[in-house]
Each structure stands twice: as C-alpha cells, then as structure tokens.
Amino acid sequence: MLKTVISAALLAATAAAAQAEGNAPARGPDNDPNEVVCVREAEIGSRLNRRRVCRTRAEWTEHRAQYKQSVERAQQQMQTQSLDPNP
C-alpha cells in the first residue's frame, strides 16, 4: 500500500515538473542547442514557492528523456505489483 502511494506521488510530481517545462521547439536556426532556457517550477511540498531552473536546450532534451524513462519504469513497477498475487 505504501509503495502504491509513493509511486502515485512520484508520478504526480514528475507530471507537474513536465508540465512546467513546456514543449521546447524543434532544433532550427533560431534554436541553438547551447542557448540557455529558464523555466519556473513549483517546489514539491509547497503550493506557493516556485524556483527558477535554467538549462541549455540540449540539457532540457536530455532531462525530458530521463524523465520519460523514469515514468515508464514506475508504471512498469506498478503493473508488476498489481499483478503479484502475494502482496
């Protein structure tokens, strides 16, 4: 039960972070991968505090790829746990 609650909280927090990032436009002449892009993200555990996160476009792309992998792993673990007849 505790694992399910933690997994759900992890998914909710990562979904909020992804929403804060937004979708960066594709690479082009105006989209230098070394350009620094800053976004404001909500701090976990607070409804009011926000923090500014700055990364290059290339770092944002890598961050999104890692985020996607972690969400997929969490979803697979939740499916495995729900199929386990002996909790």
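None of the figures in this text is laboratory data; all of them are computed from the coordinates on show. The structure displayed is predicted, hence computed values, not measured ones. All Cβ positions, glycine included, derive from the backbone under ideal geometry; neighbour counts span all protein chains shown.
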Exercise. Considering only Gln77, Ala58, Ser46, whose Cα is most displaced toward the positive end of the charge dipole of region 35-87, charges sitting on Cβ of Lys, Arg (+1) and Asp, Glu (-1)?
Worked result: Ser46
Problem set entry | Residues whose placed amide H lies under 5 Å from that of Arg50, excluding near-sequence neighbours | Glu43
Seminar exercise, completed: Treating every alpha carbon of region 35-87 as one equal point scatterer without solvent, the Debye formula yields log10 I(q)/I(0) values at q = 0.16, 0.19, 0.23, 0.25 Å⁻¹ of -0.69, -0.80, -0.91, -0.95
